[in-house]
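The values are calculated or read from the model by the stated rules, or taken from the named source; none is laboratory data. Keep in mind that this is a model prediction, so the values were computed, not measured. In this analysis, Cβ positions are derived from the backbone assuming ideal geometry, glycine residues included, and neighbour counts consider all displayed protein chains.
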Amino acid sequence: MSRAGIILAAGMGTRMKSATPKVLHKVAGREILGHVIAAMQKAGISRIVVVSAPGMDDVRAFATAAGADNAVQDRQLGTGHAALCAKSALGDFTGAVLVNNGDMPLAEAGMMTDSLASAEKHGLSIVAFRPRDPAAYGRVIVDADGMLERIVEFKDATPAQRAIDLCCAGTYSAANARGFFGWAARLSNDNAQKEYYLPEVPLIARADGVRCSVTETDEITVMGVNSRAELADAEGQMQRRLRALALANGVGMQAPETVFLSYDTVLEADVQVGPFVVFGPNVRVRNGAEIRAFSHLEGAEVGARALVGPYARLRPEAVIEEDVHIGNFVEVKKARIEKGAKANHLTYIGDARVGAGANIGAGTITCNYDGFDKHFTDIGAGAFIGSNSALVAPVKVADGVYVGAGSTITKNVEKDALAVERAEQKQVSGWAEKFRTRKRAEKAAKAKK
Ligand code: UD1
Ligand code: MG
């Protein structure tokens with residue numbers, strides 16, 4: 001069965017007090033709009049139209065990249081008017097349509113398919129929920145059969161209506177898109193906000209003899225984001241959901257409530273995550289690896305049984321192969337650390353390859369940037385880089401090389417050689433004792449005066 005989706009995203013989101021359109025604010029590393037589009041796609045809705053306002057080029061670019069079409073609502077005359085703006089983008093489409101507010105980051109495919117199935121049975125359906133705090137949501141009034149009587153916007157509601165705990169989620173389904181647009185076109189704006197309210201479509205449908213069913217869902221799935229506080233709340237809820245999923249998939253976490261995940265974080269079974277670890281977008285950690293406390297990872301891959309942290313930072317394009325150890329205060333960026341290599345303390349490895357089994361001493365720095373360009377450092381398998389060495393890229397240290405501690409390496413080093421670059425050590429016998437004796441005598445003479 002062919003199904004289309006309309007996402008309403010033209011609202012200014014004024015309550016966010018932000019120059020960024022509301023739907024482009026992120027939850028778990030992904031734009032709110034991205035979450036809604038992904039849920040629709042998962043629900044089998046292939047044809048999606050995002051309705052945005054004239055200035056919102058970034059919203060349209062985002063929608064296009066995510067595989068959706070665009071429609072523009074020239075003036076923000078309300079949610080009902082916004083939905084109608086998607087009509088021409090859907091052309092002669094006559095299948096079922098699901099309209100969803102764009103500010104619903106925790107939207108799930110199941111909630112959408114339930115709603116569509118109910119609309120396909122009854123003609124029209126809305127999603128409702130019972131939040132602990134009904135706040136300013138529209139209130140849902142049902143009849144004795146549990147069918148929708150009407151939705152009253154908070155601003156239009158009487159005190160008695162405000163006491164109703166069943167609320168409008170902002171998800172609407174109609175069995176036939178043409179019929180839906182016909183009803184939306186007949187909305188009036190005779191209400192407190194002088195807006196064309198989408199929640200009033202069922203009232204118009206009823207005049208045509210079509211009743212609207214109500215499917216209920218939990219308050220987390222459909223929570224709307226209208227302010228910074230609600231965005232933070234949504235983030236917290238999403239984190240809870242992602243942590244629960246990770247735990248269910250066999251990830252070990254000592255203190256899950258302190259671990260922050262991204263929408264796309266992949267942690268395989270038997271990965272162990274310590275407290276206060278942050279996963280930015282695009283991270284994969286393979287079986288049995290351990291990410292210790294206070295580490296920060298983004299755009300990185302960690303191989304099986306690798307140890308990372310505590311206090312490690314893996315930046316985009318860090319590839320940590322199996323059995324590698326990345327220790328405290330080690331930063332890796334755009335570098336492949338091959339099987340079994342170790343960088344255990346205080347090191348920066350950027351734009352580099354570290355060969356299998358190599359040992360990178362404490363304080364080693366790849367000097368990859370000359371102020372204009374980035375350059376590559378190639379460290380061979382089994383190499384031993386002494387502590388506090390600087391490797392000035394571009395430079396190649398071949399397999400099996402020893403670099404003496406404190407060296408600044410600017411030239412390539414051949415296989416199995418020793419490279420030391422530092423002034424020769426000098427020893428002056430008895431100097432320290434003579435120095436102390438002279439100093440003590442000087443102090444004593446001064447004290448007598
Ligand atoms: C809306 C519903 C309310 C429901 C709540 C659920 C209406 C009138 N009210 O209220 O019943 O309980 O969502 O979260 O629909 N938008 C446009 N064009 C416009 C106005 C809004 O595209 O002219 C978009 C917004 O970008 C947003 C969505 O529609 O994504 C909802 O608008 P918002 O202002 O957040 O409505 P609420 O006050 O939350
Ligand atoms: Mg809203």
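Residues that are surrounded by fewer than 20 Cβ atoms within 10 Å (Cβ to Cβ) and near ligand 1 (Cβ under 10 Å from one of its atoms) within segment 215-226 comprise just one, Asn226.
For beta carbons closer than 9 Å, sequence separation of 6+ or different chains, a first residue in segment 76-96 that is on the phi < 0 side of the Ramachandran plot and modelled with pLDDT of 95 or more and a second that is part of a helix (DSSP H, G or I) and within 7 Å of ligand 1 (Cβ to nearest atom), the qualifying pairs are Gln76/Ala82; Thr79/Leu198; Thr79/Pro199; Gly80/Leu198; Gly80/Pro199; His81/Leu198; Ala82/Leu198; Ala83/Leu198. Taken together, Gly280, Gly357, Gly299 contain a single residue that is surrounded by fewer than 23 Cβ atoms within 10 Å (Cβ to Cβ), under 18 Å from Leu242 (Cβ atoms) and in contact (Cβ under 8 Å) with a residue 24 or more places away in the chain, which is Gly280. With respect to the conditions (1) farther than 23 Å from Leu187 by Cα; (2) within 16 Å of ligand 2 (Cβ to nearest atom); (3) surrounded by fewer than 18 Cβ atoms within 10 Å (Cβ to Cβ), Val59 lacks only one, and its number is (3). Residues in segment 94-119 that are away from ligand 2 (no atom under 16 Å from the Cβ), in a loop (DSSP other than H, G, I, E, B) and crowded, with 16+ Cβ neighbours inside 10 Å: Gly95, Glu108.
Taken as a whole, segment 62-75 holds no residue that is among the charged types (D, E, K, R), more than 16 Å from ligand 2 (Cβ to nearest atom) and in contact (Cβ under 8 Å) with a residue 24 or more places away in the chain.
When you check Arg150 against the structure, is it surrounded by fewer than 24 Cβ atoms within 10 Å (Cβ to Cβ) and out of contact with any strand residue (DSSP E or B) (no Cβ under 6 Å at 6 or more places or on another chain), yes or no? Taking the combined requirement at face value, the residue does not satisfy it. Taking the conditions exactly as written (surrounded by 20 or more Cβ atoms within 10 Å (Cβ to Cβ), of a type in the set (D, E, K, R) and in contact with an Asp or Glu (Cβ under 8 Å, 6 or more places away or on another chain)), does Arg30 satisfy them or not? The answer is no for Arg30.
One residue alone among Val266, Val210 is within 22 Å of Arg315 (Cα to Cα) and away from ligand 1 (no atom under 16 Å from the Cβ), and that residue is Val266. When residues in segment 23-73 are screened for being over 28 Å from Ala229 (Cα atoms) and of a type in the set (Ser, Thr, Tyr), 2 of them pass. Summed over segment 32-90, residues that are assigned to a loop (DSSP other than H, G, I, E, B) and polar (S, T, N, Q) total 3. Ala246 meets the stated requirement of being surrounded by 14 or more Cβ atoms within 10 Å (Cβ to Cβ), away from ligand 2 (no atom under 16 Å from the Cβ) and more than 30 Å from Met147 (Cα to Cα). Taking Ala255 as the residue in question, decide whether it is within 16 Å of ligand 1 (Cβ to nearest atom) and at pLDDT 95 or above. Criteria not met by Ala255.
Taken over segment 220-230, the criterion of being within 14 Å of ligand 2 (Cβ to nearest atom) and within 24 Å of His122 (Cα to Cα) is satisfied by Val222 alone. Listed by first and then second residue, the pairs with beta-carbon distance under 7 Å, at least 6 apart or on different chains, first residue in segment 120-146 and assigned to a helix (DSSP H, G or I), second away from ligand 1 (no atom under 15 Å from the Cβ) and modelled with pLDDT of 95 or more, are Glu120/Ala96; Glu120/Ala175; His122/Arg211; His122/Ser213. Annotation: of all residues in segment 78-93 being of a type in the set (A, V, I, L, M, F, W, C) and within 16 Å of ligand 2 (Cβ to nearest atom), the one that is farthest from Ala128 (Cα to Cα) is Ala82. Of the residues that make up segment 130-137, is at least one surrounded by 14 or more Cβ atoms within 10 Å (Cβ to Cβ), over 25 Å from Met12 (Cβ atoms) and modelled with pLDDT of 95 or more? Within segment 130-137, one or more residues are surrounded by 14 or more Cβ atoms within 10 Å (Cβ to Cβ), over 25 Å from Met12 (Cβ atoms) and modelled with pLDDT of 95 or more. Summed over segment 229-241, residues that are touching a residue at least 40 places away in the same chain (Cβ under 8 Å) and either in contact with a Leu (Cβ under 9 Å, 6 or more places away or on another chain) or within 14 Å of ligand 1 (Cβ to nearest atom) (or both) total 6. Within segment 1-22, the set of residues being under 15 Å from Pro54 (Cα atoms), out of contact with any Asp or Glu (no Cβ under 6 Å at 6 or more places or on another chain) and not in a strand (DSSP E or B) comprises Ala9, Ala10, Gly11, Met12, Gly13, Ala19, Thr20, Pro21.
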